[in-house]
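Quick notes on the structure that follows.
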Amino acid sequence: MAITLINPKGLPKTDAYRQVSIATGTKLVFIAGQVAWDADGATVGEGDLAAQVERCYLNIATALAEAGASFDDVAKLTVYVVDWTPDKMPLLMEGVTRAAAKLGAAPVPPASLLGVAALDVPEHLVEVEATAVID
């Protein structure tokens, strides 16, 4: 594996992500922000944050697979949520959990979560981008 995920002593531990990723691979993979579109460009889960988060993670997995990678190779995720408030965290984590169950993997690399005013189209509630490193 080109990525090792750790939670250093002295930093808080969280189940949602790891604090640090150590990359030793030589090939960088940058995945553009993925929204809740299916392969035909139709929005999945309109009005449902958990469903849209799940779809974003599944779309990331599809893009990673095309590059010869998986969530095991992800060094960093950035998650953008429209009108973010902390009470939305259970829905976000529900979507991540559902995607992880379908993928058979727990996507827990370091992540940044940012609240935004809007995304590309009004139906989109979340966007996720990824950076991966592979050998």
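Odds and ends about this structure:
- In the chain, taking the dipole from charged Cβ atoms about the Cα centre, the farthest positive-side position among T4, I60, T97 is held by T4.
- Fraction of antiparallel bridges per DSSP, the chain only, in percent to nearest 5: 75
- Rounded, prolate or oblate (a/c below 1.5 giving rounded, otherwise prolate when a/b exceeds b/c) for the stretch 56-135 by Cα gyration tensor: prolate
- The angle separating the long axis of helix 89-103 from the principal Cα axis of greatest extent in the chain is about 60 degrees.
- Only Lys, Arg (+1) and Asp, Glu (-1) charged, at Cβ; the chain dipole about Cα centre in debye: 700
- Peptides 42-54, 14-26, 116-128 ranked from most to least packed, by the mean per-residue count of other Cβ atoms within 10 Å: 42-54, 116-128, 14-26.
- Using alpha-carbon coordinates, inclination of helix 49-66 to the longest axis of the chain, degrees: 50
- Gaussian network model of the chain, springs between alpha carbon atoms under 10 Å - residue of P109, P12, P90 with greatest fluctuation: P12
- Average accessible area per residue (Å²) across the chain - probe 1.4 Å, nucleic acids and ligands excluded: 53
- Rounded percent of accessible protein surface that carbon and sulfur make up, the chain, 1.4 Å probe: 56
The values are calculated or read from the model by the stated rules, or taken from the named source; none is laboratory data. Just so you know, these numbers come straight off a predicted model, no measurement behind them. Methodologically, a virtual Cβ is constructed for each residue, glycine included, from the backbone with ideal geometry; neighbour enumeration extends over all protein chains shown. Side chains are part of the model used for accessible areas, which takes the heavy atoms of the whole protein and leaves out ligands, DNA and RNA. Shrake-Rupley method; radii C 1.70, N 1.55, O 1.52, S 1.80 Å.
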